[in-house]
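Each remark here refers to the structure printed beneath this line.
The values are calculated or read from the model by the stated rules, or taken from the named source; none is laboratory data. Treat the numbers as computed from the prediction; the structure is a model and nothing was measured. A quick note on method: Cβ atoms are made from the backbone with ideal geometry, for glycine too, and the neighbour counts reach across all protein chains shown.
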Amino acid sequence: MYGPLRRSVVRLLGVRAGAAAGRGVGLGRGVALTGRVWTGTEVFDGTVVVSPDGKVVAARAGLRIPEGVRILTGAWVGPGVVDAHVHLAFGAPEAELAGGLVGVRDLGAPPRDAKRWRRHPLLAVAAAGPILTAPGGYPSRGWGADGFAAFLGDDPRSQVRALARDGADLVKVALEPAGGPVPTPGQLRAVVEAAHDAGLAVTAHALAAPMVGRALDAGVDELAHTPLDPLPAALVDRIADAGIPVVSTLQCHAGEPGRGALRNAAQLVAAGVPLLYGTDLGNGGTKPGVDPRELDRLADAGLGREGALRAATAASSGAAGFGGRAGDGLITVGRPARLVLLDHDPLVEPAAWGAPLAVVTGGRLLQP
């Protein structure tokens, strides 16, 4: 799990990657990315042209590239990935961009950091701020001891309203008995009701089956992880019937717990539950940027390679809290470009995400 050493190492790596990526350069008279194009809805060998102001002006085969447009050639062009579960305190926005991400949701950070990250000019950042938990509850006794957790008291509604005034894009609650006390059912219901009154969704950290049930009873809008405990079929059906998405975070759980999460993910996919791509950046074994291993886990859960990529683009870009800021995860003429150029087709080899050739987002070109 998280810790001071892990945090310092990842921050160092993030700073180095961020320095290399910088804030990119302007698009000049426009840029054209050529290769095998995956728009999210169709595939063809061709070109995507981006205007000087950062919009997709053409995407098709046999395209005549206007004079003066910069041409970048690779093997594959597609939408940038959106990570629906990160902790940027253990990475850096620039490192995420350099690794092929165009949007992230920070699901647990001190308020001062959350405010700063939301203003990033290129990376779309939605942030929950501190995680709501019971006094002494997870994650306050470990990695979240320094402002990552906020204790629920006698008036949870007021606390949620304060988060909303502070700019929270969504609310996260922790239901982790292994890490300390958990919010009561009454507190949890009050959090959900107040969040909904403020127009905010609630995502729940709930790895154990009883806590998943408690989250569903309270009406949460999302599960922030694929649970680790075996999920009874009736509970899987409840998740499906509620229509709530589940963030994957499959790769970060090693050993037997990870196998339990994979089994649950397969059940959820079979039941029609939408899975969103998320890595839980900051957890053991994670690093900034797209994680090909997470994509493989999603594919193995029953989505296949293309379904996994859709979960990481179109599905995750629509995760609660973004409000459209992360785009729609597609390449669409007339819409802002959030594109990645790779030297291999990731639908054949997901490891291609390890070294993007270029990222176009926010009207800027980054070449890590």
- [ ] Considering only residues that are buried (at least 24 other Cβ atoms within 10 Å of the Cβ) and either outside the structural domain of THR226 (by TED's automatic domain parsing) or of a type in the set (Asp, Glu) (or both), look in the range 271-315 and name the one that is farthest from VAL43 (Cα to Cα).
- [x] ASP280
Open item on the list: Given the options GLY129, GLY136, name the one that is surrounded by fewer than 24 Cβ atoms within 10 Å (Cβ to Cβ), part of a loop (DSSP other than H, G, I, E, B) and not aromatic (Phe, Trp, Tyr).
Closed with: GLY136
- [ ] With respect to PRO121, determine if the residue is outside any strand (DSSP E or B) and more than 30 Å from ASP328 (Cα to Cα).
- [x] no
- [ ] Could you tell me whether LEU101 is at pLDDT 95 or above, touching a Ser or Thr at 6+ places or on another chain (Cβ under 8 Å) and within 18 Å of GLY24 (Cβ to Cβ)?
- [x] no
Open item on the list: Suppose the filter is of a type in the set (Val, Ile, Thr), within 15 Å of the chain's Cα centre (by Cα) and not assigned by TED's automatic domain parsing to the domain that holds TRP38; does VAL125 pass it?
Closed with: yes
- [ ] Would you check which residues across the range 59-97 are among the small types (Gly, Ala, Ser) and either more than 22 Å from PRO110 (Cβ to Cβ) or touching a Cys at 6+ places or on another chain (Cβ under 9 Å) (or both) and list them?
- [x] ALA59, ALA61, GLY62, GLY68, GLY74, ALA75, GLY78, GLY80
TODO: Could you tell me which residue of the range 233-252 is modelled with the lowest pLDDT, considering only residues that are of a type outside the set (Gly, Ala, Ser) and touching a Gly at 6+ places or on another chain (Cβ under 8 Å)?
DONE: CYS252
Open item on the list: Being within 20 Å of LYS172 (Cα to Cα), in contact (Cβ under 8 Å) with a residue 60 or more places away in the chain and in contact with a Lys or Arg (Cβ under 8 Å, 6 or more places away or on another chain) is the requirement here; does LEU250 meet it?
Closed with: no
- [ ] Examine the range 352-359 for a residue that is within 21 Å of PHE44 (Cβ to Cβ), of a type in the set (A, V, I, L, M, F, W, C) and in contact with a His (Cβ under 8 Å, 6 or more places away or on another chain), and state whether such a residue exists.
- [x] yes
